[in-house]
Amino acid sequence: DSGVTQTPKHLITATGQRVTLRCSPRSGDLSVYWYQQSLDQGLQFLIQYYNGEERAKGNILERFSAQQFPDLHSELNLSSLELGDSALYFCASSVDITNTGELFFGEGSRLTVL
Amino acid sequence: TQLLEQSPQFLSIQEGENLTVYCNSSSVFSSLQWYRQEPGEGPVLLVTVVTGGEVKKLKRLTFQFGDARKDSSLHITAAQTGDTGLYLCAETHRDDKIIFGKGTRLHILP
């Protein structure tokens, strides 16, 4: 158990819909990262927050947005969903600001868009 | 853009055999992490290597960082079925993005 909690574990929805994925980081961790994993693209970095502020941005689509709340949990919002958005979405957390790359991952949210 | 190239993409070997997988970059790593991901789970950190030439051991796993810090290898001795999984290397870019390679999918046959 990494200590990172993600909900929901599975989500099935239709094209055009909007979903919210939630992540609670490990106790004491200030950084939250979101990744998308698909079979052909591997683990793709989406966005990172540190203590409520956006810190780094990756290949995140404009239809996607995220935030980190004062209690440090984070949400990833995916809207106008397309078939190609079907993937595993992982949240990870770390304690440090220096981005050593030592991340603790949740078990992921599997999104299926029909 | 620095890319992490991992090889081989797939590897299937018999239990008891030895194997090596690789992670390479066109640029110098500041540090490099190896993770293992099992089906249905998130990646789990195995090790961080920082110094060129560094060797770290984790039971039957040996991690090596190249002298020039542009490559790394993971050697598994006497593979076991429990070693099956996706092995990922990761690196932090200057812009603070933590980027992963596509991984080596390892299958150990009983």
Over chain A, with a Gaussian network built from C-alpha contacts below 10 Å, which listed residue (A:Q68, A:Q17, A:Q48) shows the highest mean-square fluctuation? A:Q17
Can you tell me the relative contact order of the range B:43-108? Whole percent, Cα pairs under 8 Å, sequence separation 6 or more. 21
Can you pull a Stokes-Einstein diffusion coefficient for chain A at 4 °C (1.567 mPa s), Rh from Kirkwood over Cα pairs, as a whole number of µm²/s? 93
Three-way shape call for the range B:57-110 based on the alpha-carbon gyration tensor, with the a/c threshold at 1.5: oblate
Whole number please: convex hull volume per residue of the Cα set in the range B:7-79, in Å³? 99
Provide B:K70, B:K57, B:K97 in ascending order of the number of other Cβ atoms located within 10 Å of each residue's Cβ, fewest first. B:K57, B:K70, B:K97
Charge dipole (the protein assembly as shown, unit charges on Cβ, about Cα centre) - positive-most of A:L103, A:L11, B:S26: B:S26
GNM on chain A, Cα springs under 10 Å; top mean-square fluctuation among A:D85, A:D40, A:D96 goes to A:D40
Label-point separation in nm, B:E17 to A:N51, each point 7 Å along Cα→Cβ: 5.1
Among A:R18, B:R94, what is the fewest-to-most ranking by other Cβ atoms within 10 Å? B:R94, A:R18
Scan chain B and report its longest stretch carrying no GluC sites (Glu not before Pro) that are both in a DSSP loop and have at most 16 other Cβ atoms within 10 Å. B:42-110
Considering the convex hull of the alpha carbon atoms of the protein assembly as shown, report its projected area averaged over all viewing directions, in nm², one decimal. 12.0
Determine, for A:L78, A:L83, the number of other Cβ atoms within 10 Å of each Cβ, and report the residues in order from fewest to most. A:L83, A:L78
Among A:L30, A:L88, A:L61, whose mean-square fluctuation peaks in a Gaussian network model of chain A (Cα, cutoff 10 Å)? A:L61
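Read the figures in this text as sums done on the coordinates, not as results from a lab. Small disclaimer: the values here were computed from a predicted structure and weren't measured. Quick reminder, even Gly has a Cβ in these numbers, built from the backbone with ideal geometry, and neighbours come from all protein chains shown.
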